[in-house]
1. Counting only protein heavy atoms and a 1.4 Å probe, tell me what percentage of the chain's accessible area is made up of carbon and sulfur.
2. Which angle from 0 to 90°, rounded to the nearest 10, does the C-alpha axis of helix 50-76 make with the longest principal axis of the chain?
3. Might you work out the accessible area of Ile39 for me, using a 1.4 Å probe with all protein chains in place, and round it to the nearest 10 Å²?
4. Which of Ile71, Ile26, Met11 sits closest to the plus end of the dipole of region 8-79, meaning its Cα is farthest towards the positive end, when Lys and Arg get +1 and Asp and Glu get -1 on the C-beta?
5. For the chain, take the longest principal axis of its alpha carbons; what is the angle in degrees between that and the long axis of helix 2-32, to the nearest 10 within 0 to 90?
6. Just in the chain: which trypsin sites (Lys or Arg not before Pro) are loop by DSSP and have at most 15 other Cβ atoms within 10 Å?
7. Would you mind getting the accessible area per residue of region 30-79, heavy atoms of the protein chains only, 1.4 Å probe, in Å²?
8. So which chymotrypsin sites (Phe, Trp or Tyr not before Pro) in region 22-75 are both in a DSSP loop and have at most 13 other Cβ atoms within 10 Å of their Cβ?
Amino acid sequence: MLETTMSFAEMILILSGLLFIAKSVIQYGKRTSDWSGAIKMFYKRVGMDTAEYKSYRLGVSCFVIGVAVRIVNLTFWTV
């Protein structure tokens, strides 16, 4: 039961993290019309709006927590 719940939570966190990151990239691209800057967002600092930054930070947080849940899931319940 707990294994199934952890697996479900892992998928939800990783997918929501990816969706929030995609949302912030799309918001930045629409606002600046600089789609190459949206790609640079992952390895270089770009000027982001407050809403874009909050969405990006929430997405990265959800993704990292989802990966941590995945590691815990694989540690305790090996496949």
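The values are calculated or read from the model by the stated rules, or taken from the named source; none is laboratory data. If you're wondering where the values come from, they're calculated on a predicted model, not measured in any experiment. Here the Cβ positions follow ideal geometry from the backbone for every residue, glycine too, while neighbour counts run over all protein chains shown. With ligands, DNA and RNA removed, areas are computed over all heavy atoms of the protein, side chains included. Shrake-Rupley method; radii C 1.70, N 1.55, O 1.52, S 1.80 Å.
1. Values: 3890 of 5670 Å².
On the chain, the fraction of accessible area on carbon and sulfur atoms equals 69 percent.
2. Roughly 20 degrees, rounded to the nearest 10.
3. Its heavy atoms expose roughly 110 Å² to the probe.
4. Ranked along the dipole, the leading option is Ile26.
5. Helix 2-32 and the main axis of the chain meet at about 0 degrees.
6. Values: sites: Lys23, Lys30, Arg31, Lys40, Lys44, Arg45, Lys54, Arg57, Arg70; in loops: Lys44, Arg45.
For trypsin sites (Lys or Arg not before Pro) across the chain that sit outside H, G, I, E and B with at most 15 neighbouring Cβ atoms in 10 Å, the list reads Lys44, Arg45.
7. Here the residues of region 30-79 average 77 Å² of exposed surface.
8. Here the chymotrypsin sites (Phe, Trp or Tyr not before Pro) that fit, given the DSSP loop and packing criteria, are Phe42, Tyr43.
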